[in-house]
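Peer 1: Quick one: the structure is below, questions incoming.
What follows draws every value from the coordinates through simple rules; no lab data is involved. Small disclaimer: the values here were computed from a predicted structure and weren't measured. Because the Cβ atoms are built from the backbone with ideal geometry, glycine has one as well, and the counts that use them run over all protein chains shown.
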Amino acid sequence: MDIRKRIRTFLLVFGCLLLFSVCKAQEKKRPNFLFVLIDDQSPFDLKLYDRTSILETPTIDKLAEQGMVFESVRHMGSMNGAVCTPSRHMIMTGRTLWHLPPSAEFQQQTGFHPLDTMTIGAIFNRAGYSTMRTCKEGNSYPGANRQFTVVKDKTKRGGTEESGSAWHAEQVLTYLGEREQADKKDPFFIYFGFSHPHDPRNGTPDLLDKYGAINHKDEETIPPANPRQPALPANYLPAHPFHHGHPDLRDETRVSGVWERRDENTVRNELGRDFACSENIDTQLDRVLQKLEAMGELENTYIIYTSDHGMAMGRHGLVGKQNLYEHTWRVPFIVKGPGIKPGTRVEGNIYLLDLLPTFCELAGIKTPETVQGESFVPVLKGEKQTIREVQYGVYNGGTKPGIRTVKKGDWKLIKYDVMDGAVRETQLFNLAQNPNEYLAEHKKSGNEMLTDLAENPKYAAKLREMEALLLEQMKLHDDPYTLWDQPRVSK
């Protein structure tokens, strides 16, 4: 009997230990994050958003097949010409445009702002994550950047492995290799930023050749035509119909290879350079994803792919990022990860500033009270198609008050109050009918919707509705300016 008792006791204890081990093994592991941020990429460069694009991005395409593609993701805007600066501040803090800490132009590298410790790196460090960042230097948020435990920032816009996008990938691969060697089990948050395809778009020789482009340096001549170059965008114009409102704007006058030219050769060559840089980014991303898979971490990692803002690249006669047309206000956006239904496509209606509260919710971290964005986890779970009905945008980097836009449903309004009142323009678009935002200068015929509708009396009621909506959004977001035809906003 005594032996039987001991055997039963042993079996009971063994069974409990075995059950405990199984339960521990089945405990849900906290997810990792790989946040991929591109510098200056229009969504319409990618086949995901423009089927006619010749840009080849097999890694990004595969991400889309395995994850969720968002149609309507936007940066809220900018109060200076370096649009990437406030965009990255909004990503880091989850705060709206007019409530950001000082930009890098005013905040010294050694300075401190109370919001610094309420940014991605600091929040995830406190939650027990390992954090790592690689990205370009400058035009960013230094107080937030240095919160990451490992920081490998350098601006890399060249055409070699050491001087281009491969350098950023190497930093991530080295970090992952060190984690693997040390057998680290804690979850990680990696901010994987690139310096391309921001100008100068010095692509690798093989990819420049693939897209028929050269790194054109001679301001006195135009680059040669090449049949391999991307076609002109559908909404290309040789000049914008009125001044964009920012005199001597670098992006529109001094970018090497383009300068003030908007001829077909120049635009197509620059698009070829842009595509060469973007395909290289795709290649580098693939290297990192393969490493995560080899480590057994890929399936437990949320991968978020986006850009800080879009770019005109010849569309509407513009080249830069200082406008509020769809090619520039919108960004590409893909999320793949645990629990996300593969191959789905949603409207979203989110801002980049919604990223931080979403990261927190996915990681089970309490969102700081300083955050003003809204988590879009309900969209990722398939519970909603959109987060908000209305989206508002600003460009206030040139002459004041600048440019404002508002979108609701299919309708979008853009207003320009620039050049000390010399340019006051209103544009109204139905994006369902006119997704390219064609203007009268595009000379589309046969469909009255394929143009700016602001002067069409048939849409006067819709114009009044959108004007009222814009004013409402400007008040809601504490916009400090008033446009010429708006009542003064009382504070």
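Peer 1: Please list the non-local residues whose amide H lies under 5 Å from the amide H of H196, H modeled 1.01 Å from N, same-chain partners needing a gap of 5 or more.
Peer 2: Correct list: D39.
Peer 1: Show that you can apply the helix-only estimate: for the chain, add -39,500 (n - 2.57) for every DSSP H stretch of four or more residues, divide by all residues, and state [θ] at 222 nm to the nearest 500.
Peer 2: Roughly -9000 deg cm²/dmol at 222 nm, from the helical runs in the chain.
Peer 1: With just the Cα atoms defining each centre, how far is segment 135-179 from segment 415-457? Give it in Å.
Peer 2: Centre-to-centre distance over Cα atoms comes out at 41 Å.
Peer 1: OK, next. How much length is gained if the chain between E65 and E369 is pulled fully straight, taking 0.36 nm per residue apart and subtracting their Cα-Cα distance, in nm to one decimal?
Peer 2: Values: separation 304, 0.36 × 304 = 109.44 nm, distance 3.51 nm.
Length gained, E65 through E369: 105.9 nm.
Peer 1: Spelling out what I want: for every residue of segment 122-127, take phi, set θ = phi - 60°, compute 6.51 cos²θ - 1.76 cosθ + 1.60 (Karplus), and round to whole Hz; glycine and proline get x.
Peer 2: 5, 4, 6, 4, 5, 8
Peer 1: Normalised by the residues of the chain, what does the relative contact order come to in percent, with Cα pairs under 8 Å and at least six apart? Mind showing how you got there, number by number?
Peer 2: Working: 991 pairs, mean separation 103.6, N = 491.
Result for the chain is 21 percent.
Peer 1: List R133, R273 from most exposed to least, where exposure is judged by having the fewest other Cβ atoms within 10 Å.
Peer 2: Values: R133 26, R273 30.
Fewest-to-most ranking of R133, R273: R133, R273.
Peer 1: Output the relative contact order of segment 391-476, whole-number percent, from Cα pairs under 8 angstrom with separation of 6+ residues.
Peer 2: That works out to 23 percent.
Peer 1: Here's another thing I want to ask about it. Quick check on the exposure proxy: order M466, M79 from fewest to most C-beta atoms within 10 angstrom.
Peer 2: Working: M466 24, M79 19.
Ordered by Cβ neighbours within 10 Å, fewest first: M79, M466.
Peer 1: Can you list residues from other chains, or at least 5 along the same chain, whose modelled amide H is less than 5 Å from the amide H of T301?
Peer 2: N32
Peer 1: Another question about this same structure. Could you give the nm distance between label points at K47 and K381, where each point is 7 Å from its Cα heading toward the beta carbon?
Peer 2: Calculated label separation equals 3.4 nm.
Peer 1: Mind scanning K62/K152; K62/K412; K407/K475 and naming the pairs with a C-alpha gap bigger than 24 Å?
Peer 2: Values: K62/K152 27 Å; K62/K412 32 Å; K407/K475 16 Å.
Listed pairs above 24 Å: K62/K152; K62/K412.
Peer 1: Excluding residues on the same chain fewer than 8 positions from K29, give the lysines whose Cα lies under 22 Å from its Cα.
Peer 2: The qualifying lysines are K184, K185, K291, K336, K341, K366, K381.
Peer 1: Turning to a different aspect of this structure: For G77, what is the net charge nearby, where nearby means another residue's Cβ is under 10 Å from its Cβ and Lys, Arg count +1, Asp, Glu -1? Intermediate results must be reported in sequence, preceding the final value.
Peer 2: Working: positive: R74, R404; negative: D479.
Within the 10 Å Cβ shell, the charges total +1.
Peer 1: In which sequence would H196, H316, H216, H113 go, from the one with the fewest C-beta neighbours within 10 Å to the one with the most? Working shown, then result.
Peer 2: On the way: H196 30, H316 25, H216 20, H113 17.
Taking fewest neighbouring Cβ atoms as first place, the list is H113, H216, H316, H196.
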